[in-house]
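The values are calculated or read from the model by the stated rules, or taken from the named source; none is laboratory data. A quick note: this is a predicted structure, and the numbers were derived from the prediction, not measured. Cβ placement follows ideal geometry from the backbone for every residue including glycine, while neighbour counts extend to all protein chains displayed.
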Amino acid sequence: MSSRLSTPRRSSANRARTRVIPLQKVPAQRLWWVFLILSAGLLGLMGRMAWLQLVQTNELESRARQLQTQQSQPLGQRRPIVDRHGRLVAMDEERFRLWAHPRYFNFPGDPLDMVRSPEDVAERLAAVLSIPKDKLLREMGTQESGIKLHSGIDPETASRIRAMGISGLDLEAYPQRIYPQGDLFANVVGFLNDERVAQAGLEQSRDDELLRHEQARSLRRGADGTPLPDDLAPGVFFGDDLRLQLTLDSRLQELSAKALTAQVKKWNAKKGAVIVMDASNGELLVLASTPTYDPNRFWQFHPGRFREWSVQDLYEPGSTFKPINLALALQEGAIQPGDRVHDVGRLQIGGWPINNHDKRANGLVDFPTVLQVSSNVGMVQAMRRLKNDVYWDWMKRLGIDARPDTDLPGAVAGQLKTKEQFTTQPIEPATTAFGQGFSLTPLKLAQLHGLLANGGRLVSPHITRGFRSGSALAPATAPNGQQLLKPEVTKTLMSWMESVVEKGSGKGVKTPGYRIGGKTGTAQKALNGIYLPGAKICSFVAALPIEKPRYIVLVVVDEPQGENAYGSTVAVPVAKQVIDALLVVEKIPPSKPAELNKAAKS
């Protein structure tokens with residue numbers, strides 16, 4: 001029974017196992033179609049590869065470079081400016097602008113599709129920027145994106161904003177010009193406006209040289225961010241660390257500016273200037289003037305303050321030019337060191353009266369006395385001995401009507417009468433004898449007194465030593481200049497100027513142990529050829545030390561008020577403070593140590 005039941009199962013299984021699909025011969029035509037299709041596909045791939053590699057190579061490579069390359073554009077940074085000892089005068093600091101895009105506002109941890117309200121962002125930013133929340137909200141409400149919220153953000157504040165991680169806030173870096181010394185060098189250095197366009201001073205006159213060497217950087221990176229060393233432009237990582245070095249001394253500049261400002265305020269004057277020059281090479285240690293301005297906040301000041309008047313404004317030097325005139329007469333042999341002139345107190349020249357400032361007659365006097373009492377009549381008598389045409393030629397040779405050879409921006413030429421006027425009108429050489437009837441700048445006067453101090457060489461006054469790398473300092477310029485006067489002539493003038501300090505109107509600058517020469521000046525002020533009633537310019541020029549003159553100190557104060565306003569009362573006190581500081585800063589040894597020790601003991 002069981003055997004009969006199992007038999008059918010086995011037969012059924014056997015039938016399933018033995019069922020096969022009969023093999024049929026594939027038609028050759030079908031094989032050819034398969035072969036052709038596969039070959040066409042392969043040829044298509046090869047063609048596409050050839051197209052990509054041969055035809056689209058440049059386009060694909062360019063697209064790849066764009067994805068792989070990080071671009072950085074130059075910021076337009078400028079080189080720093082330092083004084084003669086390396087103290088910073090002008091520099092670039094990194095600052096940031098904050099841009100807001102309200103439609104992308106999102107806080108860390110928020111869902112990606114969530115957009116925060118401007119109120120949420122303003123609340124967080126207000127404390128960091130120290131700006132009222134309401135003000136920030138008003139700015140954010142102007143548009144949906146690209147809103148400049150704030151500028152001038154320092155790096156520390158920018159780091160705090162980045163740490164907040166708020167999406168929709170962008171920080172844009174830019175350089176900002178900073179003047180660490182404030183108004184101390186404003187008259188010389190100038191400033192950049194908000195668009196970083198140079199507006200005055202060295203910033204403007206040497207604009208191209210002060211721009212750093214920068215170029216756009218294109219740095220390729222691999223998939224993991226590793227920099228790839230190919231496709232780098234030559235010099236892309238060059239570090240420009242050059243800086244412009246001045247000849248000015250911050251310490252002397254600050255002291256001079258304070259002394260001058262106090263005196264201008266005391267005498268209610270319009271303006272004043274102090275110049276200290278190294279007569280051996282023309283380097284200026286001080287070029288201070290008042291009133292001035294703060295270049296960090298230039299918009300708060302009148303544009304008239306942006307120019308340096310001691311370089312750009314003309315004036316009649318008055319008695320401070322008398323030593324130069326006497327040097328010309330000595331050079332030509334028109335006078336001798338031991339000669340005397342007869343000072344009668346009053347002269348008539350071509351129908352014009354010429355008086356001494358005190359209208360007193362000093363009698364028969366030598367030339368040191370002429371300078372001591374500042375005799376106008378004595379000067380006219382002395383310069384009469386010099387032929388008028390020779391006199392004019394010397395004024396021309398000194399460059400009175402020429403722009404000084406200087407790196408100071410805006411320097412102007414003086415004014416001198418024509419040779420015909422000078423030689424045919426007797427009043428012209430007469431007034432020129434005591435420093436009036438022509439005009440020059442305080443800078444030019446300092447240059448001419450340097451001629452007397454250095455043995456007769458006309459040096460070029462300048463305020464820069466050039467560019468130096470890193471912390472290196474440029475050395476002082478070697479003595480130079482065109483020889484115009486005989487050394488023995490200038491030595492005589494130095495002794496005469498010393499007598500003015502020892503016995504005359506320059507007594508206020510006497511310093512125990514030191515030999516100092518000088519000359520005061522109180523000149524009438526002219527406008528369009530007409531002398532202004534009561535308006536005068538008070539000045540004083542000093543040379544030191546007399547045994548080996550090197551430094552010129554010039555103080556000029558414009559229109560001091562008061563009956564007792566003279567060079568000796570207005571300019572000399574400022575010069576005294578400057579000279580005292582100069583002796584210490586430049587470590588000038590005493591001329592007479594015994595006298596200095598005696599003064600110290602007393």
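Restrict the check to region 129-147 and report whether at least one residue is touching a Phe, Trp or Tyr at 6+ places or on another chain (Cβ under 7 Å) and modelled with pLDDT under 90.
yes
Let me confirm something: among Gly437, Gly414, Gly470, which residue is more than 21 Å from Arg550 (Cβ to Cβ) and not assigned by TED's automatic domain parsing to the domain that holds Ala382?
Gly470
Looking only at region 135-165, count every residue that is of a type in the set (A, V, I, L, M), touching a strand residue (DSSP E or B) at 6+ places or on another chain (Cβ under 7 Å) and not in a strand (DSSP E or B) and tell me the total. Give the derivation first.
Initially, region 135-165 is screened for residues of a type in the set (A, V, I, L, M), giving 136-137, 140, 147, 149, 153, 158, 161, 163-164.
Narrowing the set further to residues that are touching a strand residue (DSSP E or B) at 6+ places or on another chain (Cβ under 7 Å) leaves 136, 140, 147, 149, 153, 158, 161.
Still in the running and not in a strand (DSSP E or B): 136, 140, 158, 161.
Counting residues in region 135-165 that are of a type in the set (A, V, I, L, M), touching a strand residue (DSSP E or B) at 6+ places or on another chain (Cβ under 7 Å) and not in a strand (DSSP E or B) gives 4.
Note on region 299-385: enclosed strands (runs of 3 or more DSSP E) holding 1 or more residues that are modelled with pLDDT of 95 or more are 340-343, 363-366.
Residues that are closer than 16 Å to Ala158 by Cβ and assigned to a strand (DSSP E or B) were ranked within region 93-134; the one that is farthest from the chain's Cα centre (by Cα) is Ala100.
Among the residues of region 67-75, are any out of contact with any strand residue (DSSP E or B) (no Cβ under 7 Å at 6 or more places or on another chain), hydroxyl-bearing (Ser, Thr, Tyr) and modelled with pLDDT under 85? Taking every residue of region 67-75 in turn, none turns out to be out of contact with any strand residue (DSSP E or B) (no Cβ under 7 Å at 6 or more places or on another chain), hydroxyl-bearing (Ser, Thr, Tyr) and modelled with pLDDT under 85.
If you take the residues in region 213-271 that are assigned to a loop (DSSP other than H, G, I, E, B) and aliphatic (A, V, I, L, M), which one is modelled with the lowest pLDDT? Of everything passing the filter in region 213-271, Val236 is modelled with the lowest pLDDT.
The criterion of being without any contact (Cβ under 8 Å) to a residue 40 or more places away in the chain and in the same structural domain as Leu493 (by TED's automatic domain parsing) holds for Val365.
Out of Pro573, Pro549, one residue alone is assigned to a loop (DSSP other than H, G, I, E, B) and touching a residue at least 60 places away in the same chain (Cβ under 8 Å). It is Pro549.
The residue that is nearest to Leu244 (Cα to Cα), counting only those in region 465-487 that are part of a strand (DSSP E or B), modelled with pLDDT under 95 and polar (S, T, N, Q), is Ser469.
Scanning region 167-180 for residues that are among the hydrophobic types (A, V, I, L, M, F, W, C) and closer than 12 Å to Leu98 by Cα gives Leu169, Leu171, Ala173.
Assess whether Asp92 counts as being under 30 Å from Asp241 (Cβ atoms), surrounded by fewer than 14 Cβ atoms within 10 Å (Cβ to Cβ) and touching a residue at least 12 places away in the same chain (Cβ under 8 Å).
Answer is no for this residue.
Here are some residues: Thr490, Thr511. Which one is of a type in the set (Ser, Thr, Tyr) and either over 24 Å from Ser591 (Cα atoms) or not in a helix (DSSP H, G or I) (or both)?
Thr511
For region 441-459, the criterion of being surrounded by fewer than 23 Cβ atoms within 10 Å (Cβ to Cβ) and among the hydroxyl-bearing types (Ser, Thr, Tyr) is met by no residue. Taking the criterion of being of a type in the set (Val, Ile, Thr) and under 47 Å from the mean Cα position of the chain (by Cα), the residues of region 350-381 that qualify are Ile354, Thr369, Val370, Val373, Val377, Val380.
All of (1) within 18 Å of Val541 (Cβ to Cβ); (2) without any contact (Cβ under 8 Å) to a residue 60 or more places away in the chain; (3) part of a loop (DSSP other than H, G, I, E, B) hold for Arg403 with one exception: (1).
I need a count of the residues in region 183-207 that are on the phi > 0 side of the Ramachandran plot and either in contact with a helix residue (DSSP H, G or I) (Cβ under 9 Å, 6 or more places away or on another chain) or surrounded by 18 or more Cβ atoms within 10 Å (Cβ to Cβ) (or both).
Result for region 183-207: 2.
Inspection of region 429-444 finds no residue satisfying the criterion of being in a loop (DSSP other than H, G, I, E, B), of a type in the set (Gly, Ala, Ser) and over 25 Å from Gly567 (Cβ atoms). Residue check: Asn564 meets all listed conditions (1) surrounded by fewer than 23 Cβ atoms within 10 Å (Cβ to Cβ); (2) modelled with pLDDT of 95 or more; (3) under 21 Å from Lys266 (Cα atoms) but one, namely (2). Screening Val115 on (1) surrounded by 18 or more Cβ atoms within 10 Å (Cβ to Cβ); (2) β-branched (Val, Ile, Thr); (3) modelled with pLDDT under 90 shows it passes everything except condition (1).
Here is a yes/no grid of residues against (1) of a type in the set (Gly, Ala, Ser); (2) not in a strand (DSSP E or B):
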{"position": "Met497", "(1), (2)": "no, yes"}
{"position": "Ala526", "(1), (2)": "yes, no"}
{"position": "Ile537", "(1), (2)": "no, no"}
{"position": "Ala543", "(1), (2)": "yes, no"}
{"position": "Leu554", "(1), (2)": "no, no"}
{"position": "Gln561", "(1), (2)": "no, yes"}
{"position": "Asn564", "(1), (2)": "no, yes"}
{"position": "Val578", "(1), (2)": "no, yes"}
{"position": "Leu583", "(1), (2)": "no, yes"}
